[in-house]
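Each remark here refers to the structure printed beneath this line.
The values are calculated or read from the model by the stated rules, or taken from the named source; none is laboratory data. What you see is a predicted model, and the numbers here were worked out from it, not measured in a lab. For neighbour counting, all protein chains shown are included, and Cβ atoms are generated from backbone atoms with ideal geometry for every residue, glycine included.
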Amino acid sequence: MKRRKFIAQTAGASALVGLGGLSLNACSTLNRKHITILHTNDVHSHIDPFPTTHSRYANLGGVARRATLVEQIRYENPNTLLFDAGDIFQGTPYFNFYGGELEFKLMSKLNYDAATIGNHDFDNGVDGLLAQIPHGTFDLLSANYDFSKTVLDGFVKPYKTYQLDGLKIGVYGLGIALDGLVTKRLSKETIYNDPYEIALDMERLLKEEEQCDLIICLSHLGYEYENPQRPSDVLLAQRTYNTNLIIGGHTHTFLDKPEIRTNLNGASVLVNQVGAYGLNLGRIDFYFDEQHSISADGVSISV
Amino acid sequence: MNILKIKQIVSIITICILASCKNDPTQLSEVKGTIIPITESYTAVDSIEAYVAPYRNRINAVLDSTLAIVPKDLVLDDGERNTSMGNLLVDILLKETRPLFLKQTDKELDFAVFNRGGIRSIISAGNVTARNAYEVMPFENFIAVVELDGKAMRNLIDYLINSSRVHPIAGMQIVLDKNGNLESVNVNGSPFDENRNYYVATSDYLVQGGPSIGFFNDMVSVHDTGYLVRNAIIDYFKKVDTVTANVDNRFIQRK
């Protein structure tokens, strides 16, 4: 209501200046849409801030502080989504004692919208992950893990779409190869499928069938590897057509700022990862204008 | 200008805007990205702090309650080929796994081996708590029992002898002559017999790591006990009043 009143007052005041150019100018500014995407990765059960005596991360992080920041940003822009790119579990006694219950409950209190599944989220097995699902109000998204022969069948979605301010946002999840990272005893009959192929399927579906205006990948593949055979976020960005943003995890990569790569359409893709342990929050703001008001390659990116 | 007139003008402008903006803004035009450090400048949300407090208090109460007494420091650098802290850990592994393995498989465990890098902390003299066990073994590694044939045993022994790090062993004695050549190996009280298979308790980390880690190149079979290394340590602390371990002659080189 406040905002509407402000617009009305502005319009009224401008009207006194002159009706001439107003209707033309007003269009692009008043009718602009703004979506904010917030994200974390590899929080690894770090609920409390690091102790003040910690040699590297003294007094940083903490979920109750993150809550304040998220609240501030949601107040600024109600059209905000909050995601996590996996490895929610493992790293403090909170996980050993409560099996991830508190992590899921707190993420729900912060209104996380979705998370993908990291290798450590299997640390108490598929049964251990299933046990925490009732404590979460957010979705678990993974398109390349096939859980159909496990107890998680039906509890993990490949993708989800969100309607915000008349825009449709599609989000899909990708997980890392389990071999060598997760024992069979934990992952049971989970099948890992090629993330590149699945990503192409997902973005085609989200673009063409779901008609999404914005496509986001939550990835636990890892940022970049020396071995080019290992799937990574940087390579994924260059091998897809319509994914606008890749929110990464696994490698605990502390980027200074989101990285920009070029996709198969020659367009820019943002790849971001915010280290680990809830030390940082990633924030990506997307602005949408009318079709005719900008040129084809006119997306301006500032990081 | 009266209210009515303003209202009229606003309506006219609104119509103009609607007319000129018949296309919905769906074209991505601008992206801004930042990474925001979570510092103390963001005040904690009280309701979240209050929600976490009982969980935290219970953890602290459990982790900090005394389970046993440690009369002298258990460290990782007090011996050349074996150390007090290494011996403690691998002795616990052997003691706690032997009855479990017998119950699960009806087979006799022969010895235990652990990797030096997997022991993440020493234990100082004083009260020992579950927190010590978390510090020593923060990882969720399970105890696995690996079956090795004579050749794989020889590979493992060679690896232990040639390693620059002091990997702890229990239930096995390795004696080197003064030149560092193998003099004798005893397993579970008897001389090493290359014609039979042996069962060794270890961390599943060393099993999953495979040949790249060096311990086990060929495994005849692997049995997953489902028992966490850390839980074995805590269970041991609960059973005993004092926790002691010493450098001994389980792995020595003659002078």
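Looking at the stretch A:272-284, is at least one residue more than 30 Å from B:Asp24 (Cβ to Cβ), in contact with a Gly (Cβ under 9 Å, 6 or more places away or on another chain), away from chain B (no Cβ under 11 Å) and surrounded by 21 or more Cβ atoms within 10 Å (Cβ to Cβ)? The answer is yes; a qualifying residue exists. Would you be able to tell me the number of residues in the stretch A:47-79 that are at pLDDT 95 or above, assigned to a loop (DSSP other than H, G, I, E, B) and closer than 27 Å to B:Pro138 by Cα? Summing the residues that are at pLDDT 95 or above, assigned to a loop (DSSP other than H, G, I, E, B) and closer than 27 Å to B:Pro138 by Cα in the stretch A:47-79 gives 7. Give the stretch A:146-172 a look and list any residue that's under 14 Å from A:Arg204 (Cα atoms) and among the β-branched types (Val, Ile, Thr), or say none. Scanning the stretch A:146-172 gives A:Thr161, A:Ile169, A:Val171. Within the stretch B:2-52, restricting attention to residues that are more than 8 Å from every other protein chain (Cβ to nearest Cβ) and closer than 30 Å to A:Gly298 by Cβ, which residue is modelled with the highest pLDDT? Applying the filter and picking the extreme gives B:Lys22. Against the list (1) of a type outside the set (Val, Ile, Thr); (2) crowded, with 17+ Cβ neighbours inside 10 Å; (3) within 14 Å of chain A (Cβ to nearest Cβ), the condition B:Asp224 fails is (2). So is A:Leu69 within 18 Å of the chain's Cα centre (by Cα) and more than 7 Å from chain B (Cβ to nearest Cβ) or not? When the stated conditions are applied, A:Leu69 does not pass them. With respect to the conditions (1) at pLDDT 95 or above; (2) part of a strand (DSSP E or B); (3) not aliphatic (A, V, I, L, M), B:Gly226 falls short on a single one, namely (1).
With the requirement that a residue be in contact with a Gly (Cβ under 6 Å, 6 or more places away or on another chain) and farther than 28 Å from A:Tyr287 by Cβ, what does the stretch A:223-244 give you?
So in the stretch A:223-244, the residues in contact with a Gly (Cβ under 6 Å, 6 or more places away or on another chain) come out as A:223, A:232-233.
Passing the criteria: only A:Ser232.
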